[in-house]
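Working notes, beginning with the structure itself.
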Amino acid sequence: MLFSGNSNKSIYLDYAATTPVSERAFKAMRPYFSDVFYNPSSLHIPGQKAQGALDVARNSIADLIGADWKEVIFTASATESINLAIRGAVKASALKNPHIVTTNIEHSAVLTTCRELEKEGTEVTYIAVNKDGFVSSERVEEAIKENTVLVTIGYVNNEIGTVQPIAEIAEAIESYKLKAVSCKLVFHTDAVQAANYLDINVKNLGVDMMTLSSHKIYGPKGSALLYKKEGIDLVPVITGGDQERGYHSGTENIPAIVGFAEALKETGEIMEEESKKMRELQDFFITKVLNSISGVLLNGSRENRIPNNVNFCFEGKKSETLIPELDSYGIYASGGSACRARVPEPSHVIEAISRSTCAKSSLRFTLGRSTTQKDIEYTVNKIKSII
Ligand code: PLP
């Protein structure tokens, strides 16, 4: 049940921040909290039951993303997976002056990690995206140098929903590698916001590493993964008991991993239908707002964006005042990334698309499985009255 402030409505439009656990995922997880609570590293029979559940979940996820089971590393969050991919690749390169290529609109898990590494001598190129939030494969290729060890580019931007041409970028990187004399370059994509609606088959995408997070796809919090292609070198960030083949030590969260696997399966099964429904609602929302409220701009591309993302700039208004006003009507939206929602800073993503005057005046609405056209109509009416 959602908290609905003073309103008797509860319209959650922040599905990019997190999603509820689906019935199917919840049901699949339940036995692993109590009946099969064992440690999968224990060699006794009950422990091996837990290990069996972990193996089934890993195989299922590997199949769904076109990988081998050995290529799936479970972590506790996408932030951990991203740290493992970035820090692990830099360390594994053993170069004195490693270089990373990324963009200036990445999630803070990527940007903050890159900035930390800069303090330790890593060089980072932050490619500037265009006014719609896109980076081209040509710009990526231009940024690659002899000492580039990692390219990390998000598949879908969490604020404005832009879908990057990941397969094209992967092709450009591969062709660069064919020409290079010696090259340790690997390509990672943060696909956290893509998994509900887009192809996440690692072979189709051509990536070396990919991050996914369970709680963005109607699975539980506390489970995420890093796909790491066999043969790619990584130095672990978290060391200990050598779980996850040494890449992520710590007892695996079996209920969360089982729920993650079920949620990913379900997401794949309903992807087509959900994408169609979201696209219609998104189109309805954007058209209604742009046609009936003046001083509103759509941030990001209208066509090439994930179907559940809408991000508007309300010129002259402040998102930090709009959010509580919408709250009072039972509408829950966001000023941008959930991780930075409590930090009243201008959005780096909106600034990057040359809309600096909108950086503190934009709201993200992200739709989900329970969103209806009535919810959108109500939201548009309330936005109108607030504005
Ligand atoms: N990457 C993107 C694109 C995200 O949207 C998020 C969460 O908002 C993350 C990474 C971090 O995910 P997690 O909460 O699983 O650490």
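Some notes on this structure:
- The aspartates and glutamates whose alpha-carbon is closer than 15 Å to the alpha-carbon of K91, local same-chain residues fewer than 8 away aside, are E116, E118, E120, E123, D233.
- 5 angstrom amide H check on V124, placed H, neighbours 5+ away: I100
- When peptides 302-310, 324-332 are ranked by their average number of other Cβ atoms within 10 Å per residue, the highest-first order is 302-310, 324-332.
- Each label was represented as a point 7 Å from its Cα along the Cα-to-Cβ direction; for K131 and T251 these points are 5.6 nm apart.
- Taking all protein chains together and a 1.4 Å probe, the residues H248, H188, H44 rank H44, H248, H188 from largest to smallest accessible area.
- When the pairs K131/K317; K228/K276; K221/K265; K203/K265; K70/K184 are compared against a 28 Å limit on Cα-Cα distance, K228/K276 fall above it.
- Sites K119 and K145 - FRET efficiency at Förster radius 22 Å, r taken between beta-carbons, to 0.05: 0.65
- Both radii are taken from the alpha-carbon atoms of the chain; with Rh as the Kirkwood radius, Rg/Rh is 0.98.
- Compactness relative to 2.2 N^0.38 Å, alpha carbon Rg of segment 25-75: 1.21
- Net charge, D327 excluded, C-beta distance under 13 Å - Lys, Arg +1, Asp, Glu -1: -1
- Taking the accessible area of segment 205-325, probe 1.4 Å, and keeping the other protein chains in place, the carbon and sulfur fraction comes to 48%.
- In order along segment 81-98, the Karplus-derived 3J(HN,Hα) couplings, from 6.51 cos²θ - 1.76 cosθ + 1.60 at θ = phi - 60°, round to 4, 5, 4, 5, 5, 6, 5, x, 6, 4, 5, 5, 5, 6, 7, 6, 10, x Hz, and Gly and Pro are given as x.
- Helical runs assigned H by DSSP (4 residues or longer) give the chain a calculated mean residue ellipticity at 222 nm of -12500 deg cm²/dmol, each run adding -39500 (n - 2.57) before division by the residue total.
- Antiparallel bridges, percent of DSSP beta bridges restricted to the chain (to nearest 5): 55 percent
- Net charge contributed by nearby residues that have their C-beta within less than 13 Å of K49 (K/R +1, D/E -1): -2
- Fully extended contour minus Cα-Cα distance, from S108 to I238, at 0.36 nm per residue: 44.8 nm
- Rolling a 1.4 Å probe across the protein heavy atoms gives the chain an accessible surface of 44 Å² per residue.
- In loop segments of segment 126-167 as defined by DSSP, the trypsin sites (Lys or Arg not before Pro) with at most 15 further C-beta atoms inside 10 Å of their C-beta are K131, K145.
- Hits among lysines - C-alpha to C-alpha of K374 under 16 Å, sequence gap 8 or more where chains match: K9, K277, K288, K382, K384
- Burial order of peptide ranges 235-246, 58-69 (average beta-carbon count within 10 Å, highest first): 58-69, 235-246
- Rolling a 1.4 Å probe over the protein heavy atoms of segment 1-151, with every protein chain left in place, gives an accessible area that is 53 percent carbon and sulfur.
The values are calculated or read from the model by the stated rules, or taken from the named source; none is laboratory data. It should be emphasised that the depicted structure is a prediction, and the values quoted were computed from it without experimental measurement. Because the Cβ atoms are built from the backbone with ideal geometry, glycine has one as well, and the counts that use them run over all protein chains shown. With ligands, DNA and RNA removed, areas are computed over all heavy atoms of the protein, side chains included. Shrake-Rupley method; radii C 1.70, N 1.55, O 1.52, S 1.80 Å.
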